[in-house]
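Values quoted throughout were computed directly from the atomic coordinates according to the rules given, and no laboratory measurement underlies them. Keep in mind that what you see is a predicted model, and the values were worked out from it rather than measured. Here the Cβ positions follow ideal geometry from the backbone for every residue, glycine too, while neighbour counts run over all protein chains shown.
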Amino acid sequence: MNEREIALYAITDILSEKGYNNIVLRNTFKKNKQLSVVQRGFVTELVNGTLRNLINIDYIISCFSRTPIDKMKPLVINCLRLSVYQIMYMDKVPDSAACNEAVLLINKKGFNGLSGFVNGVLRNIVRNKNSVKYPDERSNPIDYLSIKYSYPKWIIEYWLKELDFEKVKAMCIENNLAPRIGICINTCRTNAAEIKELLAKDNIAVTEGFISSDSLYISKTSDITQAEAYKMGLFHIMDESSMLAAKLLNPYEGDVVMDVCAAPGGKSFYCAYLMNNRGKILAGDIHEHKLKLLKEGAERLGLDIVKPVLADATVFNPDYADSADCLIADAPCSGLGLVRKKPDIKYNKTYGDIIELVSLQREILRTSAAYVKKGGTMIYSTCTVSSEENLGNVRWFLNNFDFEPVDLSPLLPDKVSSETAKDGYIQILPGDFGTDGFFIAKFVRKS
């Protein structure tokens with residue numbers, strides 16, 4: 001199979017079988033080990049790029065096809081989608097190649113009778129790709145943003161209730177860009193200069209972090225786990241926005257820290273670096289297989305203060321009552337700040353999911369509150385942009401528990417500013433700093 005055929009099967013698994021893009025791609029590459037780094041990159045861009053722009057691509061196809069999309073066979077429509085992505089978004093792929101390869105692929109899959117249809121639709125799109133008409137941006141902003149940037153209308157409507165049009169538009173644009181891979185430096189073992197040197201030997205490109213001096217961004221690698229610096233335990237994968245949550249927790253050497261929704265372990269690991277691997281970090285999660293990966297990660301990084309604990313964050317354990325100097329509740333959320341990395345999220349979530357998640361998040365907050373010592377601090381964080389899940393939960397928590405907000409301003413990095421930091425919370429939008437979207441609030445338990 002060539003790259004386009006592999007991508008066709010992958011995106012069909014995601015769209016027809018409701019597979020997660022990252023898991024489907026991981027399994028795809030395991031089955032196709034013959035692919036080079038460049039070929040893997042092409043497949044990844046085809047699949048994720050098509051997913052990021054799916055609504056727009058379907059709109060374009062609908063403009064030039066007399067057959068409705070929902071009447072097309074899955075392999076046929078997905079072949080068209082991949083081809084339109086190449087035509088509209090990939091400058092390095094000649095339009096003729098996108099069309100010809102689609103016809104060859106359709107014939108190979110036994111749809112010879114449809115090759116003329118596929119060729120005709122794609123050739124028509126090529127001829128008219130610069131004259132596609134979209135809803136008017138001013139008179140019909142919801143439809144414009146939804147179609148142009150491929151977001152379900154309910155998400156656009158939801159965001160526009162809280163944010164102005166330009167901010168929502170900027171988020172949509174940022175979330176449609178390919179993500180950068182952030183790494184968090186294991187300062188217990190190394191520094192940025194040493195990591196840069198080692199990664200350069202593996203031909204991995206490195207750029208500086210924007211928010212944190214403990215962060216770097218890497219590119220030109222298909223499997224970072226094969227890099228020597230990774231094997232030596234000199235860093236772990238982590239976005240700067242997520243790192244900020246651990247930084248604002250501000251744990252000290254010797255502290256007892258609880259991370260109640262810890263897997264895959266990034267915040268626990270960064271806390272351990274900040275504590276110079278001295279103290280105790282209880283890293284809890286409800287999934288045993290995720291805790292196994294967390295344990296392996298801590299061992300690779302040489303962090304013996306991170307203790308994996310199998311636990312449901314919504315169920316109170318009296319053994320941990322009033323025991324934590326610091327606690328992180330990075331709760332399960334709708335993930336609307338992670339669309340760059342997981343573009344399938346925006347098609348799989350509903351407003352009803354948000355309401356259910358708020359209930360779960362409040363149970364986690366309720367349980368977590370009882371673990372924090374008097375005078376101890378607590379971080380509540382999510383990787384989403386959702387008023388109910390974020391500020392709504394903060395207000396509910398402060399109204400119902402003996403905690404008060406902590407001014408974040410003294411702990412914020414110089415490049416990060418927020419009018420709400422003094423009130424104890426910060427919302428990072430996709431596009432603010434080139435990071436994922438993230439929400440962080442900090443509380444202190446009253447003495």
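Annotations
- Calculated over the chain: convex hull of Cα atoms, volume per residue (Å³): 147 Å³
- Evaluated at q = 0.12, 0.24, 0.25, 0.28 Å⁻¹, a Debye calculation over the C-alpha positions of the stretch 218-280 (equal weights, vacuum) places log10 I(q)/I(0) at -0.35, -1.05, -1.10, -1.23.
- Gain on full stretching of the segment that runs from LYS374 to VAL315 - 0.36 nm per residue minus C-alpha separation: 19.2 nm
- In this simple spin-label model, placing a label point 7 Å from the Cα along the Cα-to-Cβ direction at both LYS292 and ASN191 gives a separation of 3.9 nm.
- Estimated from helices alone, the mean residue ellipticity of the chain at 222 nm is -14000 deg cm²/dmol (sum of -39500 (n - 2.57) over DSSP H runs with n ≥ 4, per residue).
- Equivalent-ellipsoid semi-axes of the stretch 194-324, from the Cα gyration tensor, Å, largest first: 28, 16, 13
- Compactness of the stretch 329-418 - radius of gyration and Dmax, Cα, Å: 14.6, 43
- Normalised by the number of residues in the chain, the mean separation of alpha-carbon contacts (under 8 Å, six or more apart) gives a relative contact order of 13 percent.
- A straight chain from LYS161 to THR350 at 0.36 nm per residue would run longer than the Cα-Cα distance by 66.4 nm.
- All Cα pairs of the stretch 106-261, percent lying beyond 25 Å: 60 percent
- What you get for the stretch 3-128, charging only the Cβ of Lys and Arg (+1) and of Asp and Glu (-1), is a dipole of about 240 debye around the Cα centre.
- What separates the Cα centres of the stretch 94-115 and the stretch 346-361 is a distance of 39 Å.
- Lysines with Cα under 19 Å of LYS196, excluding same-chain neighbours fewer than 8 positions away: LYS220, LYS231
- Span per principal axis, largest first, for the Cα atoms of the stretch 3-128 (Å): 38, 30, 28
- Dipole magnitude of the chain, debye to nearest 20 (Cβ charges: Lys/Arg +1, Asp/Glu -1, about Cα centre): 1440 debye
- R0 of 41 Å, Cβ-Cβ distance VAL38-ASP414: FRET efficiency to nearest 0.05: 0.60
- GNM remark for the chain: springs join alpha carbons under 10 Å apart, and the peak mean-square fluctuation among ASP304, ASP344, ASP91 falls on ASP91.
- The lysines whose alpha-carbon is closer than 20 Å to the alpha-carbon of LYS129, local same-chain residues fewer than 8 away aside, are LYS92, LYS148.
- Label-point separation, THR67 to LYS18 (7 Å along Cα→Cβ), nm: 2.7 nm
- For LEU327, distant residues with modelled amide H under 5 Å away: MET258, THR377, MET378, ILE379
- Packing-based order for 277-286, 66-75, using average beta carbon neighbours within 10 Å, highest first: 277-286, 66-75
- Degrees separating the helix 3-16 axis from the principal Cα axis of the chain, which is the longest one: 70 degrees
- One equal scatterer on each Cα of the stretch 240-445, no solvent, Debye formula: the resulting log10 I(q)/I(0) at q = 0.12, 0.13, 0.16 Å⁻¹ is -0.56, -0.67, -1.06.
- Here the mean projected area of the convex hull built on the C-alpha positions of the stretch 181-237 is 3.3 nm².
- The Kirkwood radius of the stretch 91-174, taken over pairs of alpha-carbon atoms, gives through the Stokes-Einstein law at 10 °C and 1.306 mPa s a diffusion coefficient of 103 µm² s⁻¹.
- The stretch 3-128: relative contact order in percent, alpha carbon pairs under 8 Å with at least 6 residues between: 24 percent
- Relative frequency of Cα-Cα separations exceeding 16 Å in the stretch 48-108, percent: 42 percent
- For LYS18, the lysines whose Cα comes closer than 18 Å to its Cα, not counting residues fewer than 8 places off in the same chain, are LYS73, LYS341, LYS342, LYS346, LYS349.
- In this simple spin-label approximation, ASN119 and ALA178 carry label points 7 Å from Cα along the Cα→Cβ vector, and these lie 3.1 nm apart.
- Projecting the Cα positions of VAL339, ALA7, LEU301 onto the charge dipole of the chain (unit charges on Cβ atoms of Lys, Arg, Asp and Glu, taken about the Cα centre) puts ALA7 furthest along the positive direction.
- For the stretch 352-364, 3J(HN,Hα) per residue [Karplus equation, 6.51 cos²θ - 1.76 cosθ + 1.60, θ = phi - 60°, Hz, x = Gly/Pro]: x, 4, 4, 4, 5, 5, 4, 4, 5, 4, 6, 5, 5
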